[in-house]
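Nothing in this text is a laboratory measurement; each read-out follows from the coordinates by a stated rule. Note that the structure is a prediction, hence the values are computed from the model and not measured. No Cβ is skipped: glycine too gets one built from the backbone with ideal geometry, and neighbour counts run over all protein chains shown.
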Amino acid sequence: DALLAARILDLDLARKVQEPLNGVEIWKGVYDERYVGESQRAMATHVKERLATASAKIDALREDIRRFKEEEGVDGHCTVVWSASVEPPSLLSEGEVATADALLATLAGPRGADAPRGPATRFRHDAGTG
């Protein structure tokens, strides 16, 4: 129903996928107002609460991936699809994002939650190590 209301797909296509999509559980997301347009902030209501640090956000996303794999009986690889209309580029250096360990060290370091990286970098990391 939200897909129809949002009018982001052709109306006929939205009607074709409406029933199966209405059965999909929508999980709460990790919210960071730096990556949400000011006009959209009031609508960001289906979010995980009390995640003050980058590490807490990472842990929450990793737990969601683990829970999904367990509930769905996934043994091994799990593909996470990230989709966003716009996102600022990450300002982390290549070395800071070269490996999951390097990114974890950056996020656990002095820059922590203020590390200038967008949601796509967060999901890339969490999906790769969750």
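Values computed for the structure shown
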item: For peptides 92-101, 37-46, 53-62, sequence by mean Cβ density within 10 Å, most packed first; result: 53-62, 92-101, 37-46
item: Straight-distance crosslink candidates among aspartates and glutamates, where the alpha carbon sits under 15 Å from residue 28 and sequence neighbours closer than 8 are dropped; result: 49, 59, 63, 64
item: Whichever aspartates and glutamates have a C-alpha closer than 16 Å to that of residue 16, once near sequence neighbours (fewer than 8 apart) are set aside; result: 1
